[in-house]
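Input: a single structure, listed below in C-alpha cells.
The values are calculated or read from the model by the stated rules, or taken from the named source; none is laboratory data. Quick caveat, the model's predicted, so the values are computed rather than measured. Note: ideal-geometry Cβ built from the backbone for every residue, glycine included; neighbour counts use all protein chains shown. To get the accessible areas, we keep the full protein, side chains included, count just its heavy atoms, and leave off ligands, DNA and RNA. Shrake-Rupley method; radii C 1.70, N 1.55, O 1.52, S 1.80 Å.
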Amino acid sequence: PERIKGPVLHIVVVGFHHKKGCQVEFSYPPLMPDEPHDSNRLPEEWKYLPFLALPDGAHNYQEDTVYFHLPPLSEDMKCVYGVSCYRQIEAKALKVRQADVTRETVQKSVCVLSRVPLFGLLQAKLQLITHAYFEEKDFSQISILKELYDHMNGSLKGSALEGSQVYLGFCLSSQVLILFKLILLEKKVLFYVSPVNKLVGTLMTVLSLFPGMIEHGLMDSSHYRPKSSVSEDLSLGEGVAGAEEFVSVSVTDITNTTSELQGEDMIQPALESLSSGNNAEEDSHFLKPPTCTSPESSESDWETLDPSVLEESSSKELAEGKQMGPELPDPFDSKPGTPITVQPQAASGQGGVTQGLVSGLEEDQYGLPLAIFTKGYLCLPYMALQQHHLLSDVTVRGFVAGATNILFRQQRHLSDAIVEVEEARIQIHDPELRRILNLTTADLRFADYLVKHVMENRDDVFLDGTGWEGGDEWIRAQFTLYLHSLLSSTLQQDNERLLADYGSPFITAWKISHNYRVWYSNKHPAMTTITPGHPFQGQYSVADVKLRLSHSVQNSERGKKIGNAMITTSRNVVQTGKAVGQSVGGALTSAKSAMSSWFSTLAQPASVTAQAYPGTATDVKQ
C-alpha cells in the first residue's frame with residue numbers, strides 16, 4: 001500500500017544488446033506483475049520505453065539525459081513521466097563482464113517512471129545514482145537501484161510542484177512569444193536539436209511559461225495508442241485502400257453532424273476503431289518492434305489519409321460536443337480561495353487548486369492551466385523514431401514534440417512549425433499561419449522588454465543570475481501576466497481595440513481552439529481582479545519602428561544577409577591600405593543589394609518610398 005502512494009512507479013535499466021537492440025534488462029518493481037525483475041517483457045502500451053530511455057544516436061555522447069512521457073496503463077491512471085540518465089563505459093573496464101557483452105563499449109540507461117512531473121529533482125538524484133551504478137563496474141549489483149526506489153518514494157512524497165523544482169534552467173530568445181502563441185493555437189510543433197538533454201530542456205522550458213502547465217496540465221498529454229496493426233498486419237495496398245474508404249465515410253458523418261450534440265459519440269468510436277486494428281494479433285509478441293520503422297515506409301501507409309481533413313473537423317466537433325453542446329449552468333462558479341500569485345510559494349502557501357469541471361485538470365482560480373494537452377493534443381518531450389507514425393495518426397490532433405533524428409525534420413509536411421533550437425529559428429511553411437502569428441507592436445515591446453532585462457541581469461557580475469528581475473521565475477511571471485491580461489481582455493464588452501494589441505487574426509484563430517472554448521465555458525471568479533488590455537499597449541513611437549525593423553531583419557532570410565553584410569562592412573572599415581577601398585566598396589554594394597532585395601518584398605513600403613523618394617525607389621527596383 002505504501003508503495004502505491006509514492007510518486008515513483010518503477011526504476012528501470014535499459015541496455016543495448018548487440019543482437020536484440022534496446023531492451024529492458026531490469027525493473028523494480030517488475031513492469032509485468034508476474035515476471036521476475038530481470039524480465040525483458042513490458043506492457044504493450046509501453047513498447048517504446050526502451051527506445052525512449054536509450055535515445056537514437058546516444059553512442060555519440062558519453063552521457064545524456066532524456067525526459068519522456070508514456071501513456072497510462074489503465075483508465076484511472078494519468079500520464080507517466082519518465083526521466084532517463086544514459087551513460088556508456090568501455091567493456092574492458094568492467095570487473096564482471098557478462099557473456100553477451102561483445103562490443104567495446106557498454107551502453108545503458110537508468111530510468112525513473114513517476115506519476116508526478118518532478119523532472120528537475122528526479123534528474124538530479126538519478127544522475128548521482130547512475131554515476132554510482134556505473135562506478136561499481138558490475139551491472140549485476142542492483143541493490144543500489146532498489147535503494148533508489150525506496151529513497152525517492154520516501155523523500156519525494158508530498159513534494160510541492162513548484163516551478164523551480166519542476167525544471168531547473170532557462171534559456172530565452174526573442175522568438176519565444178511566437179512559440180507561446182503557436183502552442184495556444186494547438187498547432188503541430190516539432191523541436192529539433194542534439195543531444196537529447198538540450199532538446200528536452202528547451203521544450204520543457206517553453207512549457208514552463210504557461211502557468212501551472214507542467215505541474216497540472218500534462219496529465220492527459222500522452223494518451224496515444226502504440227502503432228496499430230492497420231499498417232503492420234495488412235498489406236500496403238489493402239491498408240491504404242481500406243483506410244481511405246473508412247475515413248471518407250467518417251468525414252461525411254462528421255460534416256453531417258455539425259449541428260448535432262452527438263458529434264463526439266459518433267467520431268470517437270470511428271477514430272478508435274481506425275487506430276486499434278487487430279490488437280489481439282499483436283498480444284503474442286509484445287517486444288516485436290514496428291515492422292515499418294523508417295519514416296518512408298510509415299509515410300506510405302498514412303500519407304493518402306490526409307489526416308488534416310479529419311483532424312480539424314474532429315477536434316472542433318470534440319470541443320463543441322463536449323463543452324459547447326449541453327448548456328452549462330451558472331452554478332459553475334468554483335469556490336473562491338487564495339488566488340495563486342505569479343511567484344512560487346511554499347507548499348503550505350499554495351493557492352487554491354480545484355478540479356476543473358470541464359477540463360478535468362487541477363485548475364487555479366483563473367482557470368489555469370489551459371486545457372491544451374487534452375483530447376489528443378500530445379506532449380512528447382522526446383520522440384523515438386519508432387513513434388514517427390504518431391505525427392500523421394488521425395487520432396492525434398496536434399503535438400508539441402522533440403526529436404533528434406534528422407528524418408523527423410525532413411518530413412516537414414507533418415508539422416506546422418519546426419523549431420531548430422541550435423539556429424534559434426522557427427520554420428513555419430504555411431503563409432496564413434505566419435500571418436496569424438505576426439507579432440504586434442505591443443508584442444514586440446513585450447519581447448524586447450524580456451530580452452533586455454534578461455541580458456542586463458546576466459551581465460551583472462554581482463547578481464550572477466540569482467536576482468529576481470530577469471531570472472527564471474521573473475520571466476514566468478511576465479508570461480503569466482501576459483496570459484492573464486489576454487484572457488481578461490476576451491471577457492470585456494466591445495473589446496476589439498483591446499484584442500487588436502494581441503493580433504486580431506491570432507485572436508480569431510485562438511477563440512475556436514479547444515483550450516479557449518473549455519476555459520470560456522466556465523466562470524473564473526479571480527479574473528475580475530485582472531486588468532484587461534495588453535501590458536505594453538500604448539501609442540506608437542520611433543522606438544517601435546526600430547523594434548519592428550529589427551524583428552523583421554532577424555526573422556527573414558534576406559534580413560540575415562543584411563546583418564551579415566553589415567558585419568562584414570564594419571570589420572573592413574578598420575583595415576588600412578589599398579585593400580580598404582576595395583573591400584569596403586564590395587561590402588557596401590553587398591549590403592545595398594541585400595537591403596534592396598529585402599525591401600522589394602515589402603510591397604507597401606516600396607510604393608511609399610517610390611512616391612516620396614524617387615531616387616531611392618530606383619535602388620529598390622534593382
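Which pairs break 24 Å Cα to Cα here: K78/K198; K5/K146; K47/K78; K188/K511?
Among K78/K198; K5/K146; K47/K78; K188/K511, the Cα-Cα distance tops 24 Å for K78/K198.
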Is any residue of the stretch 119-152 close enough, with backbone N under 17 Å, to a label point placed 7 angstrom from the Cα of Q62 along the Cα-Cβ axis, and if so, which? 127-137
Under a 5 Å amide H to amide H cut-off, with H placed in plane at 1.01 Å, what residues pair with T105 once short-range neighbours are removed? A91
√(5λ) per eigenvalue of the Cα gyration tensor, the stretch 469-547, largest first, Å: 23, 18, 13
Taking amide H positions as placed 1.01 Å from N in the peptide plane, with prolines and chain starts having none, which residues 5 or more places from C22, or on another chain, fall under 5 Å of its amide H? H17
Chymotrypsin sites (Phe, Trp or Tyr not before Pro) restricted to DSSP loop in the stretch 344-431 with at most 11 other C-beta within 10 Å: none
Rounded to the nearest 0.05, what FRET efficiency is calculated for Q410 and Q539 with R0 set to 60 Å and r the Cβ-Cβ distance? 0.85
1.4 Å probe accessible area per residue over the stretch 1-75, in Å²: 45
Suppose the chain between R497 and E420 were pulled fully straight at 0.36 nm per residue; how much longer would it get relative to their current alpha carbon spacing? 24.3 nm
May I ask for the percentage of alpha-carbon pairs in the stretch 349-388 that lie more than 14 Å from each other? 57
Please work out the ratio of the alpha-carbon Rg of the stretch 8-164 to 2.2 N^0.38 Å and round it to two decimals. 1.00
